[in-house]
Every structure is written in structure tokens, then in C-alpha cells.
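The values are calculated or read from the model by the stated rules, or taken from the named source; none is laboratory data. Just so it is clear, the structure is predicted and the values come from calculations on it, not from any experiment. Ideal geometry is used to build each Cβ from the backbone, glycine not excepted, and the neighbour counts take in all protein chains shown.
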Amino acid sequence: MKLLEVLKGIEYKLISGDLDKEVTSVEYDSRKVTEGSLFLCVQGFTVDGHAFASKAAEQGASVIVADSTRTGFPNEELAGLSGRYGLCVVEIADTHKHLADLCANFYDHPEKKISVFGITGTKGKTTTAFMLREILERSGRKTGLIGTVCNIIAGEKIHAEHTTPESREVYDMMNTLSSGGEKDLVMEVSSQALKLDRVRGITYRTAAFTNLYEDHIAPNEHPDMEDYLSCKLRIFDCCETGILNADCSVADRVKAYCDGKVKLLTYSIGGDADFIARNLRPERRGHVTGTLFELDSEYYTGEIFVALPGKFNVYNALCSICSAYEEGISINAVKEAFENISVPGRMQPVENSFGVNILVDYAHNAAALESVLNTLKEYTEGRIITVFGCGGNRSKTRRFEMGEVSGNLSDYTVITSDNPRNEEPMAIIADIITGMSKTSGKYEVEADRTEAIRKAVNMAVEGDTVLIAGKGHEDYQIFSDRTIHFDDCEKAQAAVSEREGNR
């Protein structure tokens, strides 16, 4: 594409060179620059992209786009690159903001060719996204996904670095979907993505707000809860229909923000809303422990089974139901999706023939572990056996707190290793025991995580629940000198196969 087409709609200033350049890709990482790339100099929190302009030029960039607010890197220096390498240098205001615009132009606006369903909130984004994707797929619509656990584009599962990637990656994935004929994309939209313009230019078919809890308050994230909320509310600036958890703590703020701006659908458990869940009760079907509830809505009134335990998963189901209703999808597709739903590392069941509820979950702090264990108490006839460890080079307080939570709420705990990083696994375990010692909870130590999972699976009897917590969807384990492949679900399945084979 010609440079002038890539710059369409963006105010710019030519510093040096010829605007009649061909652009083969848009890059902000100099390591990815190839012959003909446009290299955008982005000023990040810790790294200034202008420092890599020379490297980009050496690797064949045809265009350098500088930020007009940069400090250092004067025009003469950049013009020198133009003279030496025959490239064009232009300047725009706020390169990071306009990265999305450049990519939208370069990929010929894929955001206008597909339907995007956005989900924001402190909790529930991942499960809701997988639920909605499953619904869309079962209604016959091939659907991509961008989120925390992974990205699924054109049927290919891609590792995810962030909940919502940088706009360049977002637009690249949307282009792949639209080019392959896929028309739907479910996207987890983080507050950082909204704050830092990673999703600039996208209009959502539905934009959902699940809840708001204190989180992400840090120097490089949000200074306070007001900023956190304000950023999340931006999702409603560019959507056709808003969806809101009417039971969340900031529901009134969200309603006020959307009033007169966007159509809003609401959902609740037992409250006043467009979609209401009532009479929640645990139910086990085959090897799956889930939740049965009654839906009261204009869309459908009757029973719904979700193959995931917990009240919070009913909230997630309600959220995805709202989008299905708005899309005119059959309730049968919704029911079928919920009956078969499995989310990697989020209350993920491990099938077995000996009547034990084995679950892999990402709960990696005290609050999350407490929530999961309290939920499982409602669904467990026998004991709760918990396997968990804590990460190295992380807060010691978290270790004390998680030990105390598991000691109070589990019947038995197998304390093990997580990602020890540069710390000794036994030193981390000693901190967990400090918290555990405040309780009367029974426990044992097995530093080898594979063996810890095997022990828990083998000691469980019919009616027990085994919770393998902390790593969830992660498929690696980090040590001081190496990173190895490690998947809790795979290890649990291997332990189950071994036990079943020994019968």
C-alpha cells in the first residue's frame, strides 16, 4: 500500500524523503521490521521507540513515523537516516494513539467487515468470552476470540501475552478473520486496552460490563478506582448495544453513563433486570458438576444448565445470553453451548470414572482461592482436596494468605511448587505453611507438582472434589535456570489414566 493511503485521515508533517513509498507492513517493534515496513516510534513507559529508528532503517524500513512530542532525536538526526537509507520520515502527534488508525488503513478496515463482541470487567471476562464464542459457533457462525487464555483466529490457537493485545496485533487478527470469511470476533477488552487506545476504531455489536472490583491500581495501570472505572466505561462510547450486570457495585454509574447514548440490556440473579436467573442449584450430569437455574426473560423462560459450578458462572452465562438474544440466536444453541462448555483453566473439569470432581482453576491469590473453595463447598458431598503452590519472586504475603485460606476451607491440602523462578521451592512452601499453621487444616508437602497432583487424584474417593489451583491455563513452569512445559490439566488426566489402568 502507498504511504499516503496508510496516512489517510491522520494529520502529519513530512520531515524528509518521498511520500510516494510502498509500505509492506506496519510495525512498532523494530525486531519485526522487514523490507518496506513502516516503523512507528512509540514512546512507552520504559522504552522510547525512537531509539530503535536506526535499527529499523538498517533492516529495510521504508518509512519512519516519529512522535511530535518526543524529547531528543531531532529532525536533523532522523533526516540523516532518510539520506543514508533512502527512506521517508514523517511526524505525527501521539504515535501510540494513531497506531490503530495506521493499521486500520493498512488492512483496509477489517473492523468494518466483522462483528465484534466486547466484554470488560474485573472478573468473568474469560469465561463469558468462551461461553459466547461457543454459542456463536453452535449457531453456525465461525468465530474468533481474543483474550487472556489464548487467541483463537481462523481455528488456530495462538499464545496470548496480554488480555487485549496492542492495536497492531488486534487489527492483524481481525484482518485474518475477515480475509478468511469469518465474520464474528469475541474480545476481552481490558481497562488498559481502553485507556491506551488498543481498541481504537472498533465498534462493538454488544459491549458487556460484568463487574468492578479493586484491581489494577498501580503506577503503570490506574492511579485510583475512579480512573479504572472511567476507562472501562469507554467501551460504551462505541457500541450498538450495551449489556450490564445490574447487580454489580457500579451499576447505577454505568446506567447513567449509557442513558440517552446506547440501548442497554441488564441481567441479574433474583433482582430487577431484563434477564433474571432464579432458583440456582447444583447439579451433576455424568462427570460434570454444574449449575441448573431458571431463566426469566422475554427471550426464554425455563431451565438452563451450565456445565460449570458457581453463582459467578451463572452471571457469566447471563451475560452471554444477552448477546445471543440480541443476535437472534436460537435458545437451543445457547443450551447446547452451556451443556458442553469448558474453559481452559477456569473450573476446567478432568473426566474420570471414579466419581471424583477434579477441577483445574487459575485461582492464584487468596481472594480467588477463597471464592472457588466456598463455591465448591456447595457442590461437594465428600472432602475438598486442594493442590496449590505460590510463585517465586512474588509477594510473600500472598503465600501466607493462600495457606490460611486453604487451611480453613479445604479438608486436605497438598502444598506444592508453582513457578519458583529464582527462589528455592521449599522456601516458598515454608511461607505457605506459615499461613496454614494458623488453621487446623490438614496438609502434606510434595514439592514435585506432578507427584502432588498424582497424590491428590489417588487419595480422592467418590463424592470428593480435587481442586488443582494456581496455574490454570498456563502450560509452563518457570525455574531459575529453565522453563519447562507443564500443564495441570494434562498432568491430572495422566494421573486419572494411571489410576483407572491400575484397577
**OP:** Please go through segment 38-83 and pick out each residue that is part of a helix (DSSP H, G or I), buried (at least 17 other Cβ atoms within 10 Å of the Cβ) and either in contact with a Ser or Thr (Cβ under 6 Å, 6 or more places away or on another chain) or outside the structural domain of Leu99 (by TED's automatic domain parsing) (or both).
**Re:** Phe52, Ala56, Ser82
Original post:
Which residue, of Ala208, Ala160, Ala129, is touching a Cys at 6+ places or on another chain (Cβ under 8 Å), modelled with pLDDT of 95 or more and assigned by TED's automatic domain parsing to the domain that holds Ala333?
Top reply: Ala208
**OP:** Would you check which residues across segment 12-37 are of a type in the set (Val, Ile, Thr) and either in a strand (DSSP E or B) or not assigned by TED's automatic domain parsing to the domain that holds Glu91 (or both) and list them?
**Re:** Ile15, Val26
Original post:
For segment 96-111, how many residues are more than 12 Å from Val63 (Cβ to Cβ) and in a helix (DSSP H, G or I)?
Top reply: 11
**OP:** May I ask you to say which residue of His222, His287 is in the same structural domain as Val170 (by TED's automatic domain parsing) and in contact with a His (Cβ under 6 Å, 6 or more places away or on another chain)?
**Re:** His222
Subject >> Single residue of segment 192-232 satisfying the filter (in contact (Cβ under 8 Å) with a residue 12 or more places away in the chain and of a type in the set (S, T, N, Q)) that is nearest to Phe45 (Cα to Cα) >> reply: Asn220
Original post:
Out of all the residues in segment 264-275, is one or more part of a strand (DSSP E or B) and aromatic (Phe, Trp, Tyr)?
Top reply: yes
**OP:** Would you point out the residue of segment 488-503, among those that are under 19 Å from Arg346 (Cα atoms) and out of contact with any helix residue (DSSP H, G or I) (no Cβ under 9 Å at 6 or more places or on another chain), that is surrounded by the most Cβ atoms within 10 Å (Cβ to Cβ)?
**Re:** Cys489
Original post:
Does Pro420 satisfy the condition of being in contact (Cβ under 8 Å) with a residue 60 or more places away in the chain, over 22 Å from Gly310 (Cβ atoms) and not aromatic (Phe, Trp, Tyr)?
Top reply: yes
Original post:
Looking at segment 423-431, is at least one residue in contact with a Ser or Thr (Cβ under 8 Å, 6 or more places away or on another chain) and more than 25 Å from Thr483 (Cβ to Cβ)?
Top reply: no
Original post:
Inside segment 341-458, counting only helices (runs of 4 or more DSSP H) that do not spill past its ends, which hold 1 or more residues that are surrounded by 24 or more Cβ atoms within 10 Å (Cβ to Cβ) and more than 29 Å from the chain's Cα centre (by Cα)?
Top reply: 425-436
**OP:** List the number of the failed condition for Gly286; all other conditions in (1) at pLDDT 95 or above; (2) more than 25 Å from the chain's Cα centre (by Cα); (3) within 28 Å of Ser353 (Cα to Cα); (4) not basic (Lys, Arg) hold.
**Re:** (1)
**OP:** List every residue pair whose Cβ atoms sit under 9 Å apart, with the two residues 6 or more apart in sequence or on different chains, where the first one lies in segment 391-411 and is within 14 Å of Thr439 (Cα to Cα) and the second, anywhere, is among the aliphatic types (A, V, I, L, M) and assigned to a loop (DSSP other than H, G, I, E, B).
**Re:** Met402/Ala363
Subject >> Flag for Ile146 being under 19 Å from Leu233 (Cα atoms), crowded, with 24+ Cβ neighbours inside 10 Å and in contact with a strand residue (DSSP E or B) (Cβ under 6 Å, 6 or more places away or on another chain) >> reply: no
Original post:
Among the residues of segment 216-227, is any among the acidic types (Asp, Glu) and outside any loop (DSSP other than H, G, I, E, B)?
Top reply: yes
Subject >> Looking only at segment 84-107, and only at residues there that are within 18 Å of Thr34 (Cβ to Cβ) and more than 27 Å from the chain's Cα centre (by Cα), the one that is surrounded by the fewest Cβ atoms within 10 Å (Cβ to Cβ) >> reply: Gly86
**OP:** Could you tell me whether segment 20-29 includes any residue that is out of contact with any strand residue (DSSP E or B) (no Cβ under 6 Å at 6 or more places or on another chain), more than 19 Å from Ala100 (Cα to Cα) and modelled with pLDDT under 95?
**Re:** yes
Original post:
So, of the residues in segment 479-503 that are outside any helix (DSSP H, G or I) and free of Cβ contacts under 8 Å to residues at least 24 places away in the same chain, which turns out to be farthest from Gly355 (Cα to Cα)?
Top reply: Asp481
Original post:
Which of (1) touching a residue at least 60 places away in the same chain (Cβ under 8 Å); (2) touching a strand residue (DSSP E or B) at 6+ places or on another chain (Cβ under 9 Å) does Val461 not meet, given it meets every other one?
Top reply: (2)
